[in-house]
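For reference, the structure discussed in these notes is given below.
The values are calculated or read from the model by the stated rules, or taken from the named source; none is laboratory data. Quick caveat, the model's predicted, so the values are computed rather than measured. Virtual Cβ from ideal backbone geometry, glycine too; neighbours counted across all protein chains shown.
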Amino acid sequence: MGADSMFEILLNSLGDTAVYVVRKDDYRILYFNDIVGEMVPGIRKGDFCRELWTEYKEACIFSGIGSKKPYSAVGFDETFGATVMLTASEIEWGEKKTPAFAITVKPYAMSGTEENGKEEKELLLCAMRLFGEVFLLDINTGRYLVYKSDGLPDTIFEEADFCDFNRLYGENLIHPHDRQVFYDSFALENIRNRARERQQMISAEVRRKDRSGEYRYCELIGIFYKDREGISEKMMLTYRDTDELAKARIRERQANRRFVRAVNESYDEIYEGELYTDYLRQWKGEKSTPYFRFSPSFSEQIKWAADTIVHPEEKEVFLSRLSPDRLKEDFENGKSEVTISYRRLTPSGSYRWHSLYVRLSEMTTDCIRVMLYLKDIDDVKKEEERKQRELQNALAMAEKANEAKTDFLSRMSHDIRTPMNVIVGMASVARFVLQSEVKGTANLQCDEKTGNYAKLLNCLEKIEMSSAFLLSLINDILDMSKIESGKMKIANREMNLKDTIRNIKVMIEAQAEERRQTFLVSVAPEVGEFYYCDSLRLNQILLNLLGNALKYTPEQGEIRLCVTAGKVEAGEQLIWFIISDTGIGMSEEFMARMFDPFEQQDFGGSRIFEGTGLGLSISRKLVELLNGTISAESEPGKGTVFTVKIPMKISDKKQKVRKLGETQHRETDREDSLRNKRVLLVEDNEINREIAVMLLEQTGIRCETAVNGAEGVSSFEKTVPGWYDAILMDIRMPVLNGIESAKKIREMERRDAKTIPIIAMTANAFSEEREEALEAGINDYLTKPIDAEVMYACLRNYMRR
């Protein structure tokens, strides 16, 4: 019997061990013993080994054999139905010495009892499935079992040299920058030292190469344990992927570094303090020097700074604001930051402005942690102070220029209105005289004389129209100037709304009759009598809108003023003023810009005394100053409706019942209501005095005059009470001005001193003088040039009371 036969008999007698030989070049089976034949029926020599070990098709076990080094692995085998030890060695087979692999497969258990081996196997398999890669190291011998998720399925390979494996693992899988950490942590000698120190675990975070060849952060973990008998020291090694977590930590560290860098660059000194324990820590700032001292006590550091480097003028505030007790109170009451600016002594001996920010960073029941940031703001503060000075200088210059403009406008208004008063007054007187002459020749035939009278009357009417237009231009320009400069003041005083409407009715009714138009006024029952409002500005708004209605409504047209009111709420009532006309109307395009300054509707190139284009703009601004609104509806050829809504506080004064159409206001009673009334006229300008006397006497008024305020006061004082029905008082006069004169009259101890109507006449259209006059006891205010009808209406209004 040959040696080969004897060898085969020996292999067949191994009992539970399967043996087969595979060619190295093509992995065909050269030999298998009887156990293999029994377990794999149909197997033949020449078959590929993968036909025998089908579970190893994806990862061949021979790939792990090299340099004739034996290879072993432990795993569950379905053919045996048990865990087996698979051993492979490189050999030369038969007489031809064919290069081959000899494989043995036999049931497996680790050292110790069978039960101990089974427990270790189950433990290892559980760890495999949990982590994907597990090493089981015998610390004493250096032998280890390894499972890799990219290796043989559910297979454990056993190796003897952990040190060599560790070196190759580091070279092939660990990032070059992390290898030293890996070697230092998981060198076998280090593991043994840690075991002797009775440590429980070793770990290190490194970058490990994955299947795709990319490095990912992972935590390598080694856990110490002993076998069942407590004899053999062992360690289970594995890793877990921490790439996302590690990169997040890196991003956070980078962000923190950027934040710290930004904070360091933004502040000169940084401290951390805890208010309950009075603790202070310096993060950035000057070290202790003869100039600067640092104390770990919060309160001591604040006191030292206040006594040593804080400017004396800020010391008290510094100590008060930054005491721990005060800061605790501030933060406990909801504040998150306390800021203080103060001057601080520098090493050069000068003081510079600094800002200290104390910000709350943590607060619990027994801890208030704060961060303190100190910054030199001296240059910034000085720049701000420089800009503030420039701004104040510019503001002062602007105010000075505005005052100069106001003074100029005031003087211009006065100087223009004085001669205008003469022109308008003389024209009015001349027209009255001529009309009287014409009436006297009414029964004569039209001759050359009456024709000349008619021409003169026409000329005088045009003079009056031109004067009125010029006056409206002056008023609009002055009002717009006051509004834009913020000089327009609103005086909400108690007023009789129904009297205001009556006066407007008298003035507009006369103008409408001259134009052959109809003017109608209606007041709803819910409208009261006494309210708080600026009656002058309300008059200005309504007269402006009604004046436009008169101007742009043809003969036989109709203008209406309807006054109604909303519900009373909280002592206030919304009053509606609706002005409608049957005039030429407005285009939609013009209505979009009608409230803009200097806007006028084009009527085919005709522009006869349309005005400045400021009237509606001024009216809207005045309405807004009265907290009201203004709107309009219009259609070309069909007329216009303006609606003004103004909230007015209701006066507690008892409401009077008086109908708007009482008989004393009818045209037939107008002249009679003034006839034989006695008026004291106080006017220093001779021409103005002459004009006023003629205008007053035209209505049957008895007029007495005084040339200055002192003479006017004396004239009133010398007469018996009730002698005068009213006083017309110029404001700017020599010896004693109109305001002082009114005060002296009101202060007299006689029964009519407090009640006689005093009506101011002035060429100054500015509200400051008007306010001063009203405070002095003057009842009303007429602006020169005096409109005769307005003056008559004003006198009637006060004389009938």
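Across region 282-310, which residue is farthest from Tyr351 (Cα to Cα) among those that are loosely packed, with under 13 Cβ neighbours inside 10 Å and not polar (S, T, N, Q)? That would be Pro296. Before we move on, is Ala565 assigned by TED's automatic domain parsing to the domain that holds Glu509, touching an Asp or Glu at 6+ places or on another chain (Cβ under 6 Å) and either in a strand (DSSP E or B) or surrounded by fewer than 16 Cβ atoms within 10 Å (Cβ to Cβ) (or both)? Yes, satisfied.
Scanning region 325-384 for residues being of a type in the set (Phe, Trp, Tyr) and either more than 19 Å from Ser297 (Cα to Cα) or exposed (fewer than 12 other Cβ atoms within 10 Å of the Cβ) (or both) gives a total of 4. Condition check for Ile191 on (1) aliphatic (A, V, I, L, M); (2) over 21 Å from Leu145 (Cβ atoms); (3) more than 56 Å from the chain's Cα centre (by Cα): one failure, at (2).
Counted as qualifying within region 325-404 are the strands (runs of 3 or more DSSP E) with 1 or more residues that are without any contact (Cβ under 8 Å) to a residue 12 or more places away in the chain and either β-branched (Val, Ile, Thr) or farther than 30 Å from Thr277 by Cβ (or both), namely 351-364.
One line per residue, one yes/no per condition, for (1) of a type in the set (D, E, K, R); (2) assigned by TED's automatic domain parsing to the domain that holds Arg194; (3) farther than 24 Å from Lys382 by Cβ:
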{"residue": "Thr242", "(1), (2), (3)": "no, yes, yes"}
{"residue": "Phe259", "(1), (2), (3)": "no, no, yes"}
{"residue": "Glu300", "(1), (2), (3)": "yes, no, yes"}
{"residue": "Lys303", "(1), (2), (3)": "yes, no, yes"}
{"residue": "Asn333", "(1), (2), (3)": "no, no, yes"}
{"residue": "Arg343", "(1), (2), (3)": "yes, no, no"}
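Just one of the listed residues (Ile759, Ile727) is surrounded by fewer than 22 Cβ atoms within 10 Å (Cβ to Cβ) and either in a strand (DSSP E or B) or out of contact with any helix residue (DSSP H, G or I) (no Cβ under 8 Å at 6 or more places or on another chain) (or both), and it is Ile759. I'd like to check something: does region 524-539 contain any residue that is part of a helix (DSSP H, G or I) and at pLDDT 90 or above? Yes, some residue in region 524-539 is part of a helix (DSSP H, G or I) and at pLDDT 90 or above. The residues on offer are Met729, Met694, and the sole one that is at pLDDT below 90, out of contact with any Lys or Arg (no Cβ under 9 Å at 6 or more places or on another chain) and outside the structural domain of Asp534 (by TED's automatic domain parsing) is Met694. Considering Gly738, Gly712, the condition of being without any contact (Cβ under 8 Å) to a residue 40 or more places away in the chain, buried (at least 22 other Cβ atoms within 10 Å of the Cβ) and of a type in the set (Gly, Ala, Ser) is satisfied by Gly712 alone. Could you list all residues from region 568-581 that are β-branched (Val, Ile, Thr) and crowded, with 21+ Cβ neighbours inside 10 Å? Across region 568-581, the qualifying residues are Ile575, Ile579. The C-beta contact set for region 421-447 (first residue assigned to a helix (DSSP H, G or I), second residue modelled with pLDDT under 70, distance under 7 angstrom, 6+ apart or interchain) comprises Val438/Thr450.
Within region 162-195, being touching a residue at least 40 places away in the same chain (Cβ under 8 Å) and in contact with an Asp or Glu (Cβ under 7 Å, 6 or more places away or on another chain) holds for one residue alone: Ala195. Candidates in region 762-777 are the residues that are at pLDDT below 85 and assigned to a loop (DSSP other than H, G, I, E, B); of these, the one that is surrounded by the most Cβ atoms within 10 Å (Cβ to Cβ) is Ala763.
Glu697: closer than 23 Å to Leu674 by Cα, touching a strand residue (DSSP E or B) at 6+ places or on another chain (Cβ under 9 Å), surrounded by fewer than 22 Cβ atoms within 10 Å (Cβ to Cβ) and free of Cβ contacts under 8 Å to residues at least 12 places away in the same chain, yes or no? Yes; evaluated as a whole, the condition is true for this residue.
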